[in-house]
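No value in this document is a laboratory result; all are computed from the given coordinates. Please read all numbers here as calculations on a predicted model, not as lab measurements. Backbone-built Cβ (ideal geometry, glycine too); neighbour counts: all protein chains shown.
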Amino acid sequence: MHEVTGRSPTSVFLALTVLSTVRGRVVELATNCYGCHVLQKALDCEEDVRLLIVSELLLGDPAQTLVNKHASHVWSKVMELTWTAPAPPIFA
């Protein structure tokens, strides 16, 4: 286990790779027929990846993604998540 984070180096590397790949592209991916599947899988990753995805969905135009036929699946997955304390304010 990694001494600083309590996670294995491989886990940390994968989380950083996912973060760097989706950062700034979450709304675009969520509204794409293939990208929504990528985000749904990414929501199974570390909590920092989940937080990035949720933050970008909320900072973008939530109304656009909530009614989009692809992004609505991402939102459904977001609503199924459990968070460690403290949860993001919107889920508290």
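Some points to look at:
- Potential lengthening between THR84 and VAL12 on full extension [0.36 nm per residue; Cα-Cα distance subtracted]: 24.1 nm
- Modelled this way, with points 7 Å down the Cα-to-C-beta line, the labels at GLU28 and LEU51 are 2.5 nm from one another.
- Mean projected area of the convex hull spanned by the Cα atoms of region 9-80, taken over all viewing directions: 4.2 nm².
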